[in-house]
Amino acid sequence: MGGRRGAPGPGAAERPEGEAAARSRAQHAAALVQRSYLAAQRVARRLVGAVHSRWRRSLQLRVVSMTLVTSALVTAVLGFFMMQQVQAGLLDAKQDAALSDHQAGLTYALSELQGDEQAGDRYGQFEQITSELSTRSGATGLYDVLILPSFPGDNGWTSGDVEEASVPDALRDKVQQTSELEKPYLRYTEIVRTGGTEPGLAVGAQLVDAYELYYVFPLDHEQQILNLVQGTLYLVASALSILLAAIAYMVTRQVVLPVRRAAGSAEKLSSGDLTERMKVRGEDDLARLAVSFNNMAGNLQEKIRELEELSKLQRQFVSDVSHELRTPLTTIRMAGDLLFDDRDGFDPTVRRSVELLQSQLERFEELLADLLEISRHDAGAATLAIESVDVRGAVLKAVGDAEQIAEKRGIKVVLRLPADPCVAEFDSRRISRILRNLVVNAIEHSEGKDVIVTAAGDRDSVAVAVRDFGVGLKEGEELLCFDRFWRADPARARTTGGTGLGLSIAKEDATLHGGWLQAWGTPGKGSQFRLSLPRKAGGELRGSPLPLAPPEMAMGRVRAVAAITAGDAEASRTAPTREQP
């Protein structure tokens, strides 16, 4: 009859819970250890970084540290050689004294052994000799005496608590194997006593045919002298290193402090404080440095004052000339308009002259307007009419203004605008002028290829990039292109009537908004101009939602753009195409 299976006891249910609790505690402890390790690692990194930064920035710290390390190395080397010399001198003196004492004892022992030839009497003599020679060492125990048999099985005699093991086997072999009686040999050893061991020097020689006489000399006195000399050397070396470091600190301080003052004065001078001067103390090299610095600062202040006066005169001259030319230009423009309206009644040569006069008058008006705008920026009188505007509208307006120029040159302007509104706070007139200038420049330099206008935005900024596939920019021209009246190719004709101030004014307008206007270009691969603006007026611009270099160039792929043929150009003379992203 089978038995009934019983229910599991309470211990079986508690075991899994205990194991889970143990695992939980182990995991918690491991996590705590890991956090502690990471915290210690961060602290160590910060400490190392602070020390490294201090080391790189402080000339005085480097000089003092190198002096301290060098002096420590020099004193350590000198101390090592000095210790070797002192140790060698002490041991040589000890060896000479040990050989002398051993020779005296050996002579006494031989004289005592000459009178009795019987073994029993000789044993008594050995004991008496050992006692007598031990007594000669004095109360301080300069040495211990051992008379040991040359053959095993016989008795030996020792003084005090020294044991036979104090004599090394190598020394005993050499004494036993020598053919020269009474010739002493020595070797350093460990003196074995009842209470322990100590370093010593053993000297031995043949006493008679079957016995040997050994002296063991403790080296505790020499060790004390070496310890005293070593401690003195450590103290002197440490004091000398610290003293040299202090001397280096004082010397470098006399040099570094004037240099730091010069650096501080130079920083103030570079920040715009032209009245900063150095104090001149004495007549040494540092004093001459201060005099030269003060002369340089004075000359620089004078030159900057002259340049400021000249710049002020130039700005005033440009402003006055621009205003003064408006009155005669208005009169000439009125006469030109009358001639242009009646051009159909003139002969072809005169009609062509009137048309040229009208186009040059328009360009002259644009030049005067640009000069007035530049003079406002130079004088700091330019202001902003801030409003919330969708940047897509500004792009469409700028492209619409350049539509006729694009159609005339057979160029298609492709728009890549975001689907959602891209609103920012800016002066719509100035931003539209920037974008119109960028689009017109791209059309003029695109060599008949497409122009791509891209807009994008993120949480803090908006950006517009204008890309062409024309001649591009050489290295360094991405900065020069914003200079006034700069042209990449001086022989290149201005087909759109530009004044040479458009990009300069655009750069000033972008800076006035707290934004960026940047250029990228590669010869033969085209160029791209990017305008980046903060969404909020007065906000700090930290980045741009569009890359400065085109994506295909950043990825190492060159976009192939074929030249438009005459038939394709005729078909592409349509309104700008908007390409949704």
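The values are calculated or read from the model by the stated rules, or taken from the named source; none is laboratory data. Keep in mind that this is a model prediction, so the values were computed, not measured. Don't worry about glycine lacking a Cβ; one is built from the backbone with ideal geometry, like all the others, and counts go over all protein chains shown. These area figures cover heavy atoms from the full protein model, side chains too; ligands, DNA and RNA do not enter into them. Shrake-Rupley method; radii C 1.70, N 1.55, O 1.52, S 1.80 Å.
Look at segment 471-483: where a residue is not assigned by the TED database to the domain that holds residue 524, no partner that is surrounded by fewer than 16 Cβ atoms within 10 Å (Cβ to Cβ) and in a helix (DSSP H, G or I) sits 6+ places away or on another chain with Cβ atoms under 7 Å.
Just one residue in the set 233, 228 is open to solvent by 20 Å² or more (accessible area, probe 1.4 Å), more than 22 Å from residue 133 (Cβ to Cβ) and at pLDDT 90 or above; that residue is 228.
Looking only at segment 274-289, residues that are touching a Ser or Thr at 6+ places or on another chain (Cβ under 6 Å) and open to solvent by 50 Å² or more (accessible area, probe 1.4 Å) come to 0 in all. Once segment 509-558 is narrowed to residues that are surrounded by fewer than 21 Cβ atoms within 10 Å (Cβ to Cβ) and of a type in the set (Asp, Glu), the residue that is farthest from residue 452 (Cα to Cα) is 540.
Taking residue 292 as the residue in question, decide whether it is among the hydroxyl-bearing types (Ser, Thr, Tyr) and open to solvent by 80 Å² or more (accessible area, probe 1.4 Å). Even if it seems obvious, please write down each step before you answer.
Numbers: among the hydroxyl-bearing types (Ser, Thr, Tyr): yes; open to solvent by 80 Å² or more (accessible area, probe 1.4 Å): no.
When the stated conditions are applied, residue 292 does not pass them.
Take the residues in segment 417-439 that are of a type in the set (A, V, I, L, M) and in a loop (DSSP other than H, G, I, E, B), then tell me which one is surrounded by the fewest Cβ atoms within 10 Å (Cβ to Cβ).
419
Candidates 366, 407: the one that is open to solvent by 80 Å² or more (accessible area, probe 1.4 Å), of a type in the set (D, E, K, R) and not in a loop (DSSP other than H, G, I, E, B) is 366. Taken together, 267, 309 contain a single residue that is in a helix (DSSP H, G or I), in the same structural domain as residue 75 (by the TED database) and either acidic (Asp, Glu) or surrounded by 13 or more Cβ atoms within 10 Å (Cβ to Cβ) (or both), which is 267.
From the list 165, 170, the lone residue that is in contact with a strand residue (DSSP E or B) (Cβ under 9 Å, 6 or more places away or on another chain), without any contact (Cβ under 8 Å) to a residue 24 or more places away in the chain, in a helix (DSSP H, G or I) and more than 20 Å from residue 111 (Cβ to Cβ) is 170. Within segment 81-97, residues that are under 13 Å from residue 233 (Cα atoms) have Cβ atoms under 8 Å from residues that are open to solvent by 50 Å² or more (accessible area, probe 1.4 Å) in these pairs: 83/230; 86/225, counting only partners at least 6 apart in sequence or on another chain.
Of the numbered criteria (1) within 24 Å of residue 221 (Cβ to Cβ); (2) of a type outside the set (A, V, I, L, M); (3) modelled with pLDDT of 85 or more; (4) surrounded by 15 or more Cβ atoms within 10 Å (Cβ to Cβ), the one residue 206 fails is (1). Of all residues in segment 326-341, those satisfying the criterion of being open to solvent by 60 Å² or more (accessible area, probe 1.4 Å) and aliphatic (A, V, I, L, M) are 332, 334, 338, 339. Please enumerate the residues belonging to segment 449-479 that are over 41 Å from the mean Cα position of the chain (by Cα) and at pLDDT below 85. Selection gives nothing.
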